[in-house]
Amino acid sequence: MNPASTEHARRLQPPPIGQQPAPRIDRPFAAADRSDYGGSTCPPTLIAHVHNHPGMIIQAAATLDAWADQLRERFHRGVWRAVGAVNKVVTRGASYPEGSAVPALARWRTPRPVDAPIFMVGSPRSGTTAVAKVLGRHRDLRLLSEARPIWYMAVPDIADEHYHWEGDRIVGRMYLDQADATPQREAVLRCEFGIQLTLAGKKRLFEKFPANLFRVRWLQAMWPDATFIHMVRDPFSTTASKSQHWPSVYSRYTPGTAVRRNVFTQLFPEYADLLATVRTTAEWFLFEWRIYIEEGERLQRSFPHQYGIFRFEDVQLDPESTLRDMCALAQLRLTPRVRRAYQTILDTRVQLALPPLDRSRCAELLGDAPDRWGYHF
């Protein structure tokens, strides 16, 4: 597979230290200490760029695309149920979960092979949902957004609701690697995702789940031909969005946070002392952003032809070439359906939030990761 970084390398890998990517994502204010924005809340975002709205013809065509996908899925689901009913008649009520007792109907109820899946990962609130909806309009892709029941079916102890304290020990898992790729788990995932492909009448799986960033090595061991798309967004905009959705999520005693602290310490022991100084929700979100991007950079070095990192702002400012890069990485063609989708679904306003803390504290928590990706403050 040829890497998709030949045409737009800046979108797939950070530039060398000291070399700035183009275009820069500059702050709409002077780079000075912002001590007046202390605390755990973030001020409103600032709109820096606005595209024109699509015409009525494009909007109508995009609506027809969505209806066509819905009709196709309803048809395949209806056939699935009809074949199941035939099975019950032929087998006199016996359960027949896969395939069909009637050979001519077997293909309508047999899970399709899950080949070359595409997984979208990254920090929560970094544009993964918006970009997934756009790429998910591709005719060949079955989009699943955070298919937790399927993942938890294969590995129950990665479910957030299973995180708990036992005395002074936290129980729960977030990180999975090659050693966790057992044949039993792979069989469960291939069967369940294959059923989803059959029900939708699609060829390839496209699953969006930000937390799978910490399970990429596990997924790659089960699917060596998989593609991983990592979305990254301005750290202050990400923090502002998280603060609006989870205003008081941080507490080191919350089971979910405790599990993440353990994973971050395991992956980056050199940041253990810095992590110990994190006290507020805003500090946690900024430090978390750094961990997500640095883990993504590690994975990109390990799987350079399968793992691509893309800035959400590039998707907004130059959707045509950025989405073409994503499609090239996944060995897809940028179709008119995807073009219509980004013109109607994508919010092309680049929103830059103000730092939630003073500049020196932000620099301490984020390190030089923002500069490597063109986010200057």
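What follows is calculated from the coordinates using simple rules that are stated; it is not laboratory data. Because the structure is a prediction, the values reported are computed rather than measured. Because the Cβ atoms are built from the backbone with ideal geometry, glycine has one as well, and the counts that use them run over all protein chains shown.
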Amide H contacts under 5 Å for HIS376, restricted to residues at least 5 apart in sequence or on another chain and with H modeled in the peptide plane, are ILE25, ARG27
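Which three numbers, in whole Å and largest first, are the semi-axes of the equivalent ellipsoid of the stretch 202-355 derived from its Cα gyration tensor as √(5λ)? Kindly include the intermediate steps, with their values, before the conclusion.
Working: eigenvalues 174, 88, 33 Å².
They are 29, 21, 13 Å, listed from largest to smallest.
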Would you mind calculating the relative contact order of the stretch 180-284 from Cα pairs under 8 angstrom and at least 6 residues apart, reporting the percent as a whole number?
21
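Based on the mean of other beta carbon atoms within 10 Å per residue, what is the order of 256-266, 315-325, most packed first?
Values: 256-266: 17.7, 315-325: 19.8.
Per-residue Cβ counts within 10 Å, averaged per peptide and sorted highest first, yield 315-325, 256-266.
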In nanometres, what is the gap between the two model label sites at MET56 and SER321, each 7 Å from Cα along Cα-to-Cβ?
3.4
³J(HN,Hα) computed for each position of the stretch 281-287 - Karplus, 6.51 cos²θ - 1.76 cosθ + 1.60, integer Hz, glycine/proline x:
4, 4, 4, 5, 5, 5, 5
Cut-off is 10 Å between beta-carbons; in what order do MET56, MET153 appear when sorted fewest neighbours first?
MET56, MET153
Protection proxy (average C-beta count within 10 Å per residue), highest first, orders 112-122, 184-194 as 112-122, 184-194
Compute the separation of the alpha-carbon centres of the stretch 244-316 and the stretch 107-158 and state it in Å as a whole number.
22
Along the stretch 301-317, what does the Karplus equation 6.51 cos²θ - 1.76 cosθ + 1.60 (θ = phi - 60°) give for ³J(HN,Hα), rounded to whole Hz, x for Gly and Pro?
5, 6, 10, x, 9, 10, 10, x, 10, 10, 7, 5, 5, 5, 5, 6, 7
